[in-house]
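S.K.: Got a structure here, written out as structure tokens. Questions coming.
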Amino acid sequence: MELTGTRELLPRVLWRESSPSTNAELRELVAAEGAEVPHGTLLATSEQTAGRGRLGRDWVTPVGTAVAASILIRDFGARAALPASWLPLIAGSAVTGALQPFFASGYPGEARRVGVKWPNDVHVRSEADAEIGDPGKKLCGILCEMLPDGAVVVGMGINLLVPEWELPTDRATSLLAAGAELGGAESLTDSAGEALLDRVLHDVASGLLRLTELAEKDPAAVRIRVARHSLTLGSEVRVHLPNEQLVDGRARELADDGSLVVDLPTGGQLTVSAGDVQHLR
């Protein structure tokens, strides 16, 4: 895969026709080569066979219609005023910025908004979804893993050209299934598909690197951008806590560590750092 624009942007780009897990491969590369693997290294594939998502869930990328990519971020905690726990949200914001332009046009009442469902999923939703508090359908999942040397592998799986009938659940979607403007791309192996893949990887990586740099200079600006891209803030939610307790409330804001602050009906607040969040209609 040529990926011309992405290769011009990043110091090292590794393409695999198939990979068990791009996160695992990038981790192994850093373990073998250490500091020789530069900040911004990207490893990607269009077929991931044994990936792992948040909470240990399977993360498989069907061949030729989606991309799994992992990017190495070095020294984030040392340089940035924000802790590394913000990286899933920052990555989600970068993916949002890269994918929203594919939904630039639309008929009145049919606009699509791309945004982040806390903590690490990127969704696209219609105006009708928004009116009933539905976060829409999942385009991308994100998993960040800290390495022993303090670097972070930011992994993401993005559904690009997955047909609607091949999606794993009715809560998932792809750029194709959601009606994005794809320039005639039908497969990642045709010329239009290769151009689509290069554009997505370039724009996601560019946004991620820019935001991680900005977190060092102006963390408040990053927090504002992440909040602006959130589909969860302001929504009525049900929090599924690790102890299987369910708590309902309104998502208020992001805490200093990126946790979700939820206003409770009783008047108190709950700060959620781990658990699933369901949007209530």
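S.K.: Length gain on complete extension for the stretch Ala227 to Leu246, per 0.36 nm per residue less the alpha carbon to alpha carbon distance?
M.R.: Full-extension gain reported as 4.4 nm.
S.K.: Let me ask something else. What's the local net charge at Gln245, with K and R +1, D and E -1, over the other residues with C-beta under 15 Å away?
M.R.: Working: positive: Arg238; negative: Glu244, Asp248, Asp276.
Taking every other residue near Gln245 into account, the sum is -2.
S.K.: While we're here: For a quick check, take a GNM of the chain with Cα springs below 10 Å and name the residue from Ala130, Ala44, Ala205 with the largest mean-square fluctuation.
M.R.: Ala130
S.K.: Take every Cα pair under 8 Å in the chain that's 6+ residues apart, average their separations, divide by the length, and report that relative contact order as a whole percent.
M.R.: Across the chain, relative contact order equals 17 percent.
S.K.: Which lysines does Lys117 reach when only Cα atoms under 16 Å apart count, and residues fewer than 8 places away in its own chain are ignored?
M.R.: Filter leaves Lys137, Lys138.
S.K.: Over region 233-279, what is the mean sequence separation of C-alpha contacts under 8 Å (at least six apart), divided by residue count, expressed as relative contact order in percent?
M.R.: Here the relative contact order equals 37 percent.
S.K.: Still on this model: Let me check I've understood the local charge: for Leu270, count other residues with C-beta under 11 angstrom from its C-beta, Lys and Arg +1, Asp and Glu -1. What total comes out?
M.R.: 0
S.K.: What does the highest-first list of 268-276, 137-145 look like by mean Cβ count within 10 Å?
M.R.: Packing proxy ranking, top to bottom: 137-145, 268-276.
S.K.: A follow-up question, please. Quick one, could you list the DSSP H helices from the chain stretching 15 Å or more along their long axis (Cα atoms) with average Kyte-Doolittle hydropathy of -1.0 or above? Don't jump to the answer; show the numbers that get you there.
M.R.: Numbers: long enough: 22-33 (16 Å, -0.17); 87-99 (18 Å, 1.66); 191-217 (39 Å, 0.20).
Both cut-offs are met by 22-33, 87-99, 191-217.
S.K.: Based on alpha-carbon centroids, what's the gap between region 63-101 and region 200-262 in Å, whole number please?
M.R.: 12
Rule-based calculations on the coordinates, nothing more; no lab input. Treat the numbers as computed from the prediction; the structure is a model and nothing was measured. Please note: Cβ atoms are built from the backbone with ideal geometry, for glycine as well, and neighbour counts cover all protein chains shown.
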